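J.: A single structure is presented below for examination.
The values are calculated or read from the model by the stated rules, or taken from the named source; none is laboratory data. Since the structure is predicted, the reported quantities are computational estimates derived from the model, not experimental observations. Cβ: placed from backbone, ideal geometry, glycine included. Neighbour counts: every protein chain shown. These area figures cover heavy atoms from the full protein model, side chains too; ligands, DNA and RNA do not enter into them. Shrake-Rupley method; radii C 1.70, N 1.55, O 1.52, S 1.80 Å.
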Amino acid sequence: MIIVMKNGASKEHIDHLSGWLTERFGVHVNPLYGTGTTVLALIGDTASVDKDALLRDEYVERITKVQEPFKLANRKMHPQDSVIQIGQDVFVGDRKIVVMAGPCSVESREQITDIAKHAQSQGATVLRGGAWKPRSSPYSFQGLKAEGLELLHHAHQETGLPIVTEITNPAHIELFLDKCDCFQVGARNMQNFELLKELGRINKPVLLKRGFANTIEEFLMSAEYLMAGGNENVILCERGIRTYETYTRNTLDISAVPVLKRISHLPVIVDPSHAGGIYWMVAPLARAAIAAGADGLMIEVHNDPAHALSDGAQSLTYESFEETMASLRGIANAMGREI
Ligand code: PEP
Ligand code: MN
């Protein structure tokens, strides 16, 4: 971190500020005196340095970060790719591209079990399905809640597929623990820091979705919350961000994939369903994701999309899921991977 001082900052003032920084935050301060301006280079762990307090100093002109604020999620700290295990035998971040598929919402025992079997027969290795649904309208279907978890567990017992499902409330963690294999934190909760802190205390993987109005740095800082608590089993998911474009539900930030892969060691998956918001866009966006280096995909598949209780427009039928999976194989191979 670099602090640029205003012209006229006295040596006495700079000594006082440097002393405070060292005493309060444990950083070493290296002052560089110029003809008019003095620059302070802070060396050490600057993550906890209070920038707001510094900006209140009448002689501080501006503050520049020279290091990313995320540490545990940073590739500099961990040069090898992290591989995150879900259930017994799914590894995200390995050579095999992991496809997580299933309905937006769990609707009934028959629905989730049937979808699980079809998704599995086409190569999906993780079953997704929402039991608690964070909906924009309080009048929309809110999910089957605890019953939905039981139905997911039943589908797991029938197929062996590990389960990823969204958690919206830290008070539900206990309930979820033996019913799911991976906790999903949805876009709307990416900065629910109390939820992140609680999930940081457990050992199960967390699929963290990017908030639709969050920068890549904010996304990684949320991953950092989980990891700082001790849970390093984090999978990042790009699911589209909000832009001025209204033709698509969100804009898939495909460039986030190579950026995240470059600056972080965590595996990155893409959700083309919530990005495009319409079924026919899922396959091309999924292909783009793999070509950009994604480690996996999360795809909404439904037995009867026209009557789905949520996100029917973007859900794939069994036939289109099969076609989509077939179209992904060549791209995965070209990337030196399999699916
Ligand atoms: C979902 O996966 O069903 C979902 C609600 O996704 P997001 O949080 O990305 O909107
Ligand atoms: Mn959905």
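J.: Considering the alpha-carbon set of the stretch 199-270 alone, what are its Rg and its Dmax in angstrom?
T.: Spelled out, the Cα radius of gyration and Dmax of the stretch 199-270 are 12.7, 41 Å.
J.: Karplus couplings for the stretch 270-284 from phi (6.51 cos²θ - 1.76 cosθ + 1.60, θ = phi - 60°), rounded to Hz, Gly and Pro as x?
T.: Here the 3J(HN,Hα) series is 10, 10, x, 5, 6, 5, x, x, 8, 4, 6, 8, 5, 5, x Hz.
J.: OK, next. Skip the ligands, DNA and RNA, and give the accessible area per residue of the stretch 39-102 with a 1.4 Å probe, whole Å².
T.: Per-residue value: 57 Å².
J.: Test of the criteria: in the stretch 245-332, which GluC sites (Glu not before Pro) are in a DSSP loop and have at most 14 other Cβ atoms within 10 angstrom of their Cβ?
T.: Glu245
J.: Ok, one more. Among Gly93, His153, Val49, pick out the residue whose Cα is farthest towards the positive end of the charge dipole of the stretch 39-155, where Lys and Arg carry +1 and Asp and Glu carry -1 on C-beta, about the Cα centre.
T.: Gly93
J.: Explain nothing, just compute: Karplus ³J(HN,Hα) = 6.51 cos²θ - 1.76 cosθ + 1.60, θ = phi - 60°, for every residue of the stretch 181-194 in order, whole Hz, x for Gly and Pro.
T.: 9, 8, 8, 9, 9, x, 3, 5, 10, 4, 10, 7, 5, 5
J.: Moving to a separate point now. Only sites in a loop by DSSP and with at most 15 other Cβ atoms within 10 Å count here; which chymotrypsin sites (Phe, Trp or Tyr not before Pro) in the stretch 179-246 make the cut?
T.: Taking the stretch 179-246 and a limit of 15 other Cβ atoms within 10 Å, the loop chymotrypsin sites (Phe, Trp or Tyr not before Pro) found are Tyr244.
J.: Please tell me the relative contact order of the chain in percent, rounded to the nearest whole number, where contacts are Cα pairs under 8 Å and at least six residues apart.
T.: 16
J.: How much of the accessible area of the stretch 128-236, probe 1.4 Å, is carbon plus sulfur, in whole percent?
T.: 47
J.: Accessible area per residue, 1.4 Å probe, Å², for the stretch 261-320: what's the number?
T.: It amounts to 31 Å² per residue over the stretch 261-320.
J.: Something else now. Once every DSSP H run of n ≥ 4 in the chain is given -39500 (n - 2.57) and the sum is divided by its residues, what mean residue ellipticity at 222 nm do you get, rounded to the nearest 500 deg cm²/dmol?
T.: That comes out to -10000 deg cm²/dmol.
J.: List the pairs from Lys71/Lys261; Lys65/Lys261; Lys209/Lys261; Lys179/Lys204 whose alpha-carbon separation is above 18 Å, in the order I gave them.
T.: Violating the 18 Å Cα-Cα cut-off are Lys65/Lys261.
J.: Could you give the accessible area per residue of the stretch 130-245, probe 1.4 Å, as a whole number in Å²?
T.: Per-residue accessible area for the stretch 130-245 comes out at 42 Å².
J.: What is the set of long-range amide H partners of Lys6 at a cut-off below 5 Å, with H atoms built 1.01 Å from backbone N?
T.: For Lys6, whose amide H was placed from the backbone, the distant partners under 5 Å are Val60, Glu61.
J.: Follow-up. What does the convex hull of the alpha-carbon atoms of the stretch 1-157 project to on average, in nm²?
T.: That works out to 15.5 nm², a quarter of the Cα hull's surface.
J.: Please list, short to long, the whole-number percent of alpha-carbon pairs of the stretch 29-111 in consecutive 10 angstrom bins beginning at zero.
T.: 12, 25, 19, 15, 15, 10, 3, 1
J.: Sticking with this structure for a sec: Which one of Leu144, Leu260, Leu236 has the biggest mean-square fluctuation once the chain is modelled by GNM with Cα springs under 10 Å?
T.: Maximum fluctuation in the GNM of the chain, among the listed residues, is at Leu144.
J.: What part of the accessible area of the stretch 1-121, given as a whole %, is carbon or sulfur when the probe is 1.4 angstrom?
T.: Roughly 49 percent of what the probe reaches on the stretch 1-121 is carbon or sulfur.
J.: Remind me, relative contact order of the stretch 191-286 in percent, using alpha carbon pairs under 8 angstrom and six or more residues apart?
T.: Averaging sequence separation for qualifying contacts and normalising by length gives 25 percent for the stretch 191-286.
J.: Here's something else I'd like to know. Quick one: which residues, 5 or more positions from Phe91 or on another chain, have an amide H under 5 Å from its amide H? H modelled 1.01 Å from N in the peptide plane, none for Pro or chain starts.
T.: Ile86
J.: Calculate one ³J(HN,Hα) per residue across the stretch 256-269 by plugging θ = phi - 60° into the Karplus curve 6.51 cos²θ - 1.76 cosθ + 1.60, and present them in order as whole Hz with x for glycine and proline.
T.: Result, rounded to whole Hz: 4, 5, x, 5, 4, 5, 7, 9, 10, 9, 6, x, 10, 10.
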